[in-house]
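A.B. asks: Next up is a structure, given as structure tokens.
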Amino acid sequence: MPILYAIKGRRFIYVVLDALGVAGAFSAALMLLPDAVAGATGERIAVWAGTVCAAYITAFYAFQVYRVIWHYSDMRDMYRLFGANVAGLVAAALAAFVFGLRPSPAVIVLLFLIAAGFTVLYRVIVRDRLGRRPFIPTGGPDEGAPRPRRSILIVGAGEAGRMILSEYARRGWDHSIVGFADDDREKIGRIIGGKMILCTLDGIGRIMRRYAVSEAIVAMPSAGTKAIDRAVAILRRENQDIVIKTLPVFTKIFEKSLSPDLREVGIADLLGREEFAVDAAAMVERFAGKTVLVTGAGGSIGSELCRRLLKFRIARLIAVGRGEFSIYSLAKSLEEELYYLESGAEIVYRIADVKDGLLLDGIFERYRPEIVIHAAAHKHVPLMEFNEAEALQNNVLGSRNVFDAAHRHGAAECVMVSTDKAVRPVNVMGASKRIAELVATQYFLEKGLHTAIVRFGNVIGSRGSVIPLFREQILKGGPVTVTHPEVTRYFMSIPEASILVLNAAAYANGGEVFALDMGKQYRVADVAQSLIRLFGYVPDRDIRIEYTGLRPGEKLYEELFYDPARLSPTENAKIFRLNAPAEGYDRAALDAFISETIPSLHTLDARAIREAIRSVVPEYEFELPASSPGRTRLVI
């Protein structure tokens, strides 16, 4: 941390208050003990007073006290302030002897107590009073505020629970917290932050009834899936309608507030995704101070990428998306996110379709992004089977437009978000993403653009994914529809996928294909059963599971790479690098597809489009979809 720093704006008020406080402490000490300084003259006392004030302010500056944002301070900051007071006192005592004064120990101690008391006290008031102003999002004064008579129980009285209570207190919402529940019986009856640890997990029901608990926060990020499952099951057993939120395990990688990472409990908690680490230092080094452009910024992955990037001190974020409402929603959520962060990043929102090369080029020319993360794509497999031309226009031509604009305007790096369905594709969506990967490879090999590709599987809760559909079906009373009893899929949460994409981007030097460790594949039928149980029902008794057959373009299992032997590890155990990234690249076939097939898509029938795709992706296998898509299952 640099020793020298600027004191700007409102922070200068602290310097003035400290100087006045120390001067007042000096005067009070001499008034209370007027004969406690031997050799005192008016001139010497005046010079010593000025020196004392200067010594204290210098000590506070040297101890970095004026860097602290006191609205968010904790005990470590108070220790820093206390140490600065001690250093100031020592300097003041030495100055007295230099000026020929002999103050008694009593006056020195009194000076220290009054000065330290004042400088600590008013900062505590700033933290605990001014810092507790209500949080008012941009959507209106009532949006985001706690509901009337909401009663919240925090399950877990460890560090995560304490931090959640601290965050609620800072925002003036701590009156909603009724207390804690924890399985450590020795903690029962103790108090954290003014709230009592009321019961063990087995006693939750009694507390929920006594305090009419309407919401629970499971704050046990390191306890493991079984412990979280048990807590959720107990809460659901007592109240089917209770709102349950949990902390994902990976929030521990951030030192900022944990509250933005609270989310309602879902299937991710039941799949048992393991705790993982990320290389935060590499991401800060790669992204800090940079202008980063994200395409598809209004989508599930794109919006989360934007949120995560703000935590790595980027200079400017250019969020590009074609959906007006999705970009509006992103802008609203990022403004709320900035409330928690010390980010000074400029955020620019642009409505643009990646298929519009001229509009995209204008955005790149104006903002000159240094890093581009290309997440815009059509991803719904069955729908793209009947909209082949749009899939190719968006996923292939759109990607080419992004790479071309990045190359023309000097972007240092362009990372494309891809999919496991690009490996040995059996559907148009996967094949279109595979061609987009080949376009990225071409721009690296032939134009020197540092492109990289990151592949991963299904994302829990993303638009069009199976989990929101299952939720909807359960809430309607069923049935829950699964395509095939043996169909398996990878599952990863949106935040987990996004942070690993950024981590992979931090390792990219150009031309790489990265594959994320998705863990094991899960039978979708098992996922459906787990979700039904999460809602407190018994599968095939309360909610029926119905098997409907594979939809157009679906296969029973997914792959992330062609040959596992060609994978090599990276610095992160969850990220692998493919050693033959240019495999399958045929320049002539790709150029012909881009220059001849893409412009004539509107004239080609379904078979002709698929045969053209196969000319570029020989491993692509297809069956023509039913001739009446209106009667074909696209959703369930």
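The values are calculated or read from the model by the stated rules, or taken from the named source; none is laboratory data. Fair warning: this is a prediction, and the values are worked out from it, not measured in the lab. Glycine gets a Cβ as well: all are built from the backbone with ideal geometry, and neighbour counts include every protein chain shown. Keep in mind that these areas ignore ligands, DNA and RNA; they rest on the heavy atoms of the full protein, side chains included. Shrake-Rupley method; radii C 1.70, N 1.55, O 1.52, S 1.80 Å.
A.B. asks: Is it the case that S399 is hydroxyl-bearing (S, T, Y) and modelled with pLDDT of 95 or more? Give the derivation first.
C.D. replies: Working: hydroxyl-bearing (S, T, Y): yes; modelled with pLDDT of 95 or more: yes.
The answer is yes for S399.
A.B. asks: Turning to a different aspect of this structure: Looking at R316 and the list (1) in contact with an Asp or Glu (Cβ under 7 Å, 6 or more places away or on another chain); (2) buried (at least 21 other Cβ atoms within 10 Å of the Cβ), which single condition is not satisfied?
C.D. replies: (2)
A.B. asks: Determine the pairs where a residue that is over 18 Å from R434 (Cβ atoms) and of a type in the set (V, I, T), located within the range 560-572, has a partner that is modelled with pLDDT of 65 or more and not in a loop (DSSP other than H, G, I, E, B) with Cβ atoms under 6 Å apart, the partner being 6 or more residues away or on another chain.
C.D. replies: Pairs found: T570/Y507; T570/R577.
A.B. asks: Restrict the check to the range 541-549 and report whether at least one residue is in a loop (DSSP other than H, G, I, E, B), out of contact with any His (no Cβ under 8 Å at 6 or more places or on another chain), modelled with pLDDT of 85 or more and surrounded by fewer than 18 Cβ atoms within 10 Å (Cβ to Cβ).
C.D. replies: Residues of the range 541-549 that are in a loop (DSSP other than H, G, I, E, B), as a first pass: 541-542, 544, 548-549.
Filter once more, so that each one left must be out of contact with any His (no Cβ under 8 Å at 6 or more places or on another chain): 541-542, 544, 548.
Filter once more, keeping what is modelled with pLDDT of 85 or more: 544.
From what's left, surrounded by fewer than 18 Cβ atoms within 10 Å (Cβ to Cβ): 544.
Checking the range 541-549: at least one residue is in a loop (DSSP other than H, G, I, E, B), out of contact with any His (no Cβ under 8 Å at 6 or more places or on another chain), modelled with pLDDT of 85 or more and surrounded by fewer than 18 Cβ atoms within 10 Å (Cβ to Cβ).
A.B. asks: OK, next. Do we have any residue at all in the range 244-252 that's aromatic (F, W, Y) and either modelled with pLDDT of 80 or more or part of a loop (DSSP other than H, G, I, E, B) (or both)?
C.D. replies: no
A.B. asks: Name every residue in the range 349-402 that is of a type in the set (D, E, K, R), more than 23 Å from V454 (Cβ to Cβ), over 27 Å from the mean Cα position of the chain (by Cα) and part of a loop (DSSP other than H, G, I, E, B), in order of residue number.
C.D. replies: D356
A.B. asks: Does P495 satisfy the condition of being without any contact (Cβ under 8 Å) to a residue 24 or more places away in the chain and open to solvent by 20 Å² or more (accessible area, probe 1.4 Å)?
C.D. replies: Answer is no for this residue.
A.B. asks: Answer yes or no as to whether R322 is open to solvent by 40 Å² or more (accessible area, probe 1.4 Å), out of contact with any helix residue (DSSP H, G or I) (no Cβ under 7 Å at 6 or more places or on another chain), modelled with pLDDT under 95 and under 21 Å from S418 (Cα atoms).
C.D. replies: For R322, the condition - open to solvent by 40 Å² or more (accessible area, probe 1.4 Å), out of contact with any helix residue (DSSP H, G or I) (no Cβ under 7 Å at 6 or more places or on another chain), modelled with pLDDT under 95 and under 21 Å from S418 (Cα atoms) - is met.
A.B. asks: Restricting attention to the range 388-401, report how many residues are in contact (Cβ under 8 Å) with a residue 40 or more places away in the chain and either open to solvent by 10 Å² or more (accessible area, probe 1.4 Å) or of a type in the set (V, I, T) (or both).
C.D. replies: Of the residues in that region, 7 qualify.
A.B. asks: So which residues in the range 515-525 are small (G, A, S) and either in a helix (DSSP H, G or I) or in contact with a Ser or Thr (Cβ under 7 Å, 6 or more places away or on another chain) (or both), if there are any at all?
C.D. replies: Result: A525, single match.
A.B. asks: Here's something else I'd like to know. Of all residues being of a type in the set (A, V, I, L, M, F, W, C) and under 48 Å from the mean Cα position of the chain (by Cα) in the range 16-34, which is surrounded by the fewest Cβ atoms within 10 Å (Cβ to Cβ)? Just the residue, please.
C.D. replies: Pass one, the range 16-34, residues of a type in the set (A, V, I, L, M, F, W, C): 16-17, 19-20, 22-23, 25-26, 28-33.
After this cut, where a residue has to be under 48 Å from the mean Cα position of the chain (by Cα) as well, the list is 16-17, 19-20, 22-23, 25.
Working: V16: 10, L17: 15, A19: 15, L20: 12, V22: 27, A23: 16, A25: 23.
Per the stated criteria, the residue is V16.
Residue by residue, here is whether (1) buried (at least 18 other Cβ atoms within 10 Å of the Cβ); (2) part of a helix (DSSP H, G or I) holds:
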residue: I197; (1), (2): yes, no
residue: M208; (1), (2): yes, yes
residue: A216; (1), (2): yes, no
residue: A227; (1), (2): no, yes
residue: A231; (1), (2): yes, yes
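A.B. asks: For the range 581-596, give me each residue that is touching a residue at least 60 places away in the same chain (Cβ under 8 Å) and open to solvent by less than 60 Å² (accessible area, probe 1.4 Å).
C.D. replies: Across the range 581-596, the qualifying residues are P581, A582, G584, Y585, L590, F593, I594.
A.B. asks: Hey, could you check the range 332-348 for residues that are open to solvent by less than 20 Å² (accessible area, probe 1.4 Å) and not in a strand (DSSP E or B) and say which is modelled with the lowest pLDDT? So that I can check it myself, show each step before the final result.
C.D. replies: Start the filter on the range 332-348 by keeping residues that are open to solvent by less than 20 Å² (accessible area, probe 1.4 Å), which leaves 334, 345, 348.
Okay, now just the ones that are also not in a strand (DSSP E or B), so 334, 345.
On the way: L334: 88, A345: 84.
Filtering the range 332-348 for residues that are open to solvent by less than 20 Å² (accessible area, probe 1.4 Å) and not in a strand (DSSP E or B), the one modelled with the lowest pLDDT comes out as A345.
A.B. asks: So is P425 at pLDDT 80 or above and either more than 30 Å from S600 (Cβ to Cβ) or touching a Phe, Trp or Tyr at 6+ places or on another chain (Cβ under 6 Å) (or both) or not?
C.D. replies: Working: at pLDDT 80 or above: yes; either more than 30 Å from S600 (Cβ to Cβ) or touching a Phe, Trp or Tyr at 6+ places or on another chain (Cβ under 6 Å) (or both): yes.
For P425, the condition - at pLDDT 80 or above and either more than 30 Å from S600 (Cβ to Cβ) or touching a Phe, Trp or Tyr at 6+ places or on another chain (Cβ under 6 Å) (or both) - is met.
A.B. asks: Let me ask something else about it. So which pairs qualify, if the first residue must be in the range 47-69 and within 14 Å of A25 (Cα to Cα) and modelled with pLDDT of 90 or more, the second must be charged (D, E, K, R) and not in a helix (DSSP H, G or I), the Cβ gap must be under 7 Å, and the two must be at least 6 apart or on different chains?
C.D. replies: From residues that are within 14 Å of A25 (Cα to Cα) and modelled with pLDDT of 90 or more, there are no pairs.
A.B. asks: Out of the residues in the range 408-452 that are farther than 28 Å from E623 by Cα and among the acidic types (D, E), state the one that is most open to solvent (accessible area, probe 1.4 Å).
C.D. replies: E446
A.B. asks: Kindly indicate the residue of the range 168-186 that is charged (D, E, K, R) and more than 19 Å from V213 (Cβ to Cβ) and also most open to solvent (accessible area, probe 1.4 Å) among those meeting that condition.
C.D. replies: Going residue by residue through the range 168-186, those that are charged (D, E, K, R) are 170-171, 174, 182-186.
Those left that are additionally more than 19 Å from V213 (Cβ to Cβ): 170-171, 184-186.
Details: R170: 25, R171: 18, D184: 62, R185: 169, E186: 143 Å².
Residue satisfying both the conditions and the ranking: R185.
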